[in-house]
1. Of these, B:G42, B:G18, B:G60, which one is in a strand (DSSP E or B) and among the small types (G, A, S)?
2. Looking at the range B:36-59, which of its residues are within 13 Å of chain A (Cβ to nearest Cβ) and within 10 Å of the chain's Cα centre (by Cα)?
3. Going residue by residue through the range B:20-29, is there one that turns out to be more than 11 Å from every other protein chain (Cβ to nearest Cβ) and touching a residue at least 24 places away in the same chain (Cβ under 8 Å)?
4. With respect to B:M2, determine if the residue is touching a Gly at 6+ places or on another chain (Cβ under 6 Å), modelled with pLDDT under 95, within 14 Å of chain A (Cβ to nearest Cβ) and buried (at least 16 other Cβ atoms within 10 Å of the Cβ).
5. Of the residues that make up the range B:27-39, is at least one at pLDDT 95 or above, of a type in the set (D, E, K, R) and crowded, with 21+ Cβ neighbours inside 10 Å?
6. Looking at A:E106, A:E148, which one is closer than 23 Å to B:A68 by Cβ and modelled with pLDDT under 85?
7. Looking only at the range A:5-28, count every residue that is closer than 15 Å to A:E50 by Cβ and among the charged types (D, E, K, R) and tell me the total.
8. Mind listing whichever residues of the range B:78-104 are more than 12 Å from every other protein chain (Cβ to nearest Cβ) and among the charged types (D, E, K, R)?
Amino acid sequence: MAETGMENLNVVIINDLAEIGRLSILVDDFVSRHRLPTRTAFELNLALDELLTNVISYGYPDEMQHEIQIRGSIVDDLIVIEIEDDGREFNPFEIKEPDLKAPLVERPIGGLGIHLVRQMIDVVEYRRLDGKNIVVLKKSVPTHFHGECDDADRSH
Amino acid sequence: MMQIEVIEDESQHVVIVGLSGRMDSSNSRAFEEKMVNLIQAGKTRMVVDCAQLQYISSAGLRVFLMAAKQLTMAKGKLILASLNDDVRQVFNLTGFSSIFQICDSREEAIRNHGD
């Protein structure tokens, strides 16, 4: 299927946690334009939320306003989302996996975000390029929905 | 956007906290403050009703964990009710389903406080 600009996700947010809610609406819209299930939107939003919360909360050594770019596209049966920020160098996927079987009293508070990203996304990549952190998330389109886009406009 | 509603069921001596909307890092602090205030006010038999909660991230899970730890120390109990499939999945994937008592309805959660 040909990729067109209309179907891509292209969002710039600033380093304010309130922006994550605004982004989620645009991700929902991106997913529904591709006629993918709402579960997929939930999973993409959760992964983006966890990564962006880290960047916004801990990524910047100053109090300045920064921009973070989020780009998404779907090529064949693969959803690819890219996050680019100019915060301090940080590879989120080097964080140690939490112990998910620990009893309540031994559970550390926090540390679960990146674990959730790995559960929501099939392939995660990180690179540092030109002073920017670039995270790439790849997720297969749910099999059941593969090819549905070709039936566009049938129900409208 | 998240809303928090607190109802005291005086006949059962249970406080019900109803959540609706999205709980993420931008608003989990409001939930945390509400829970801390309730626990400090001696409300240690609690139900959090998630029937209208559409979304939760680890920032929200963190508050549940903190509240459960504080309630355990205060000899109280936290029971969750009515998680939707997406929220339930987050609890399952993080092992939180095994550290919290989760009921299918608010009524069942209140009944379980009576045991």
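1. Of B:G42, B:G18, B:G60, the one residue that is in a strand (DSSP E or B) and among the small types (G, A, S) is B:G18.
2. Of everything in the range B:36-59, nothing turns out to be within 13 Å of chain A (Cβ to nearest Cβ) and within 10 Å of the chain's Cα centre (by Cα).
3. In the first step, residues of the range B:20-29 are kept if they are more than 11 Å from every other protein chain (Cβ to nearest Cβ); the result is B:20.
Remaining after also requiring touching a residue at least 24 places away in the same chain (Cβ under 8 Å): B:20.
Checking the range B:20-29: at least one residue is more than 11 Å from every other protein chain (Cβ to nearest Cβ) and touching a residue at least 24 places away in the same chain (Cβ under 8 Å).
4. Working: touching a Gly at 6+ places or on another chain (Cβ under 6 Å): yes; modelled with pLDDT under 95: yes; within 14 Å of chain A (Cβ to nearest Cβ): yes; buried (at least 16 other Cβ atoms within 10 Å of the Cβ): yes.
So B:M2 passes the test.
5. Checking the range B:27-39: not a single residue is at pLDDT 95 or above, of a type in the set (D, E, K, R) and crowded, with 21+ Cβ neighbours inside 10 Å.
6. After applying the criteria, what remains is A:E106.
7. Counting residues in the range A:5-28 that are closer than 15 Å to A:E50 by Cβ and among the charged types (D, E, K, R) gives 1.
8. Result: B:D104, single match.
The values are calculated or read from the model by the stated rules, or taken from the named source; none is laboratory data. Please read these numbers as outputs of a predicted model, since none were measured by experiment. Glycine also receives a Cβ, built like all others from the backbone with ideal geometry; neighbour counts cover every protein chain displayed.
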